[in-house]
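Structure first, then comments.
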Amino acid sequence: MLGRLAHVAIAVADLDAASEVYRSRLGATVSAPRALPEHGVRVVLVDLPNTRIELMAPLGEDSPIAKFVAAHPRGAVHHLCFEVDDILAARQRVTEAGGHVLGGGCPMPGAHGKSVLFLDPRDCAGVLIELEEA
Ligand code: CO
């Protein structure tokens, strides 16, 4: 069911500082920052040959990542995103296998405009997993 690793999302307090780490110290291609007010984040994409890193910082008071960043002020991996061919089939497989989908289980448009679901980290070896319809 799981396809390509679409991105690894890293939540940070300072997006410019994190971008500089990837651009200058690590020599990666880093996009300009983009505000996604509907998701409560500002993001920068780091393009790698086999996947992307998504650096994200809270935007606004009720950002869904505000608490996470407060708990990890130096930044931390927030989630892994895997592509799936069919988001509804993926949801069915996860729930039939006893897993839990967050947010009521309804696919939502994600940061890249594709349908996404998030899986409960308690079922996924402690890691928040995003499934994105390819
Ligand atoms: Co993501």
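Here is a yes/no grid of residues against (1) at pLDDT below 95; (2) under 23 Å from Ser19 (Cβ atoms); (3) touching a helix residue (DSSP H, G or I) at 6+ places or on another chain (Cβ under 8 Å); (4) open to solvent by less than 30 Å² (accessible area, probe 1.4 Å):
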position	(1), (2), (3), (4)
Leu59	no, yes, no, no
Ala76	no, yes, yes, yes
Ile87	no, no, no, yes
Arg93	no, no, no, no
His100	no, no, yes, no
Gly105	yes, no, yes, yes
Pro121	no, no, no, no
Leu131	no, no, yes, yes
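Once segment 107-116 is narrowed to residues that are among the aliphatic types (A, V, I, L, M) and within 11 Å of the ligand (Cβ to nearest atom), the residue that is modelled with the highest pLDDT is Val116.
Looking only at segment 61-74, residues that are surrounded by fewer than 18 Cβ atoms within 10 Å (Cβ to Cβ), within 15 Å of the chain's Cα centre (by Cα) and part of a loop (DSSP other than H, G, I, E, B) come to 1 in all.
In segment 44-53, the count of residues that are in contact with a strand residue (DSSP E or B) (Cβ under 7 Å, 6 or more places away or on another chain), open to solvent by less than 10 Å² (accessible area, probe 1.4 Å) and under 25 Å from Glu83 (Cβ atoms) is one or more.
Annotation note: of Val43, Val77, the sole residue that is in a strand (DSSP E or B) and either over 20 Å from Ala134 (Cβ atoms) or free of Cβ contacts under 8 Å to residues at least 24 places away in the same chain (or both) is Val77. Figure legend. Inter-residue proximity from segment 93-111: first residues over 17 Å from Ala6 (Cβ atoms), second residues open to solvent by less than 90 Å² (accessible area, probe 1.4 Å) and in a helix (DSSP H, G or I), beta-carbon distance below 7 Å, spacing 6+ or different chains. Indicated pairs: Gly99/Asp123; His100/Asp123; Val101/Arg91; Val101/Val94; Val101/Thr95; Gly105/Arg91. The set of residues in segment 1-36 that are touching a Lys or Arg at 6+ places or on another chain (Cβ under 7 Å), assigned to a loop (DSSP other than H, G, I, E, B) and either within 16 Å of the ligand (Cβ to nearest atom) or within 24 Å of Ala70 (Cα to Cα) (or both) contains only Pro33. Applying the selection to segment 48-93, what residues are away from the ligand (no atom under 15 Å from the Cβ) and acidic (Asp, Glu)? Those that are away from the ligand (no atom under 15 Å from the Cβ) and acidic (Asp, Glu): Glu61, Asp62, Asp85, Asp86.
The values are calculated or read from the model by the stated rules, or taken from the named source; none is laboratory data. What you are looking at is a predicted structure, and each value in this text was computed from that prediction instead of being measured. Cβ sites come from the backbone with ideal geometry, for glycine too, and all protein chains shown count toward neighbours. Accessible surface is based on the protein model in full, side chains and every heavy atom, while ligands, DNA and RNA are left aside. Shrake-Rupley method; radii C 1.70, N 1.55, O 1.52, S 1.80 Å.
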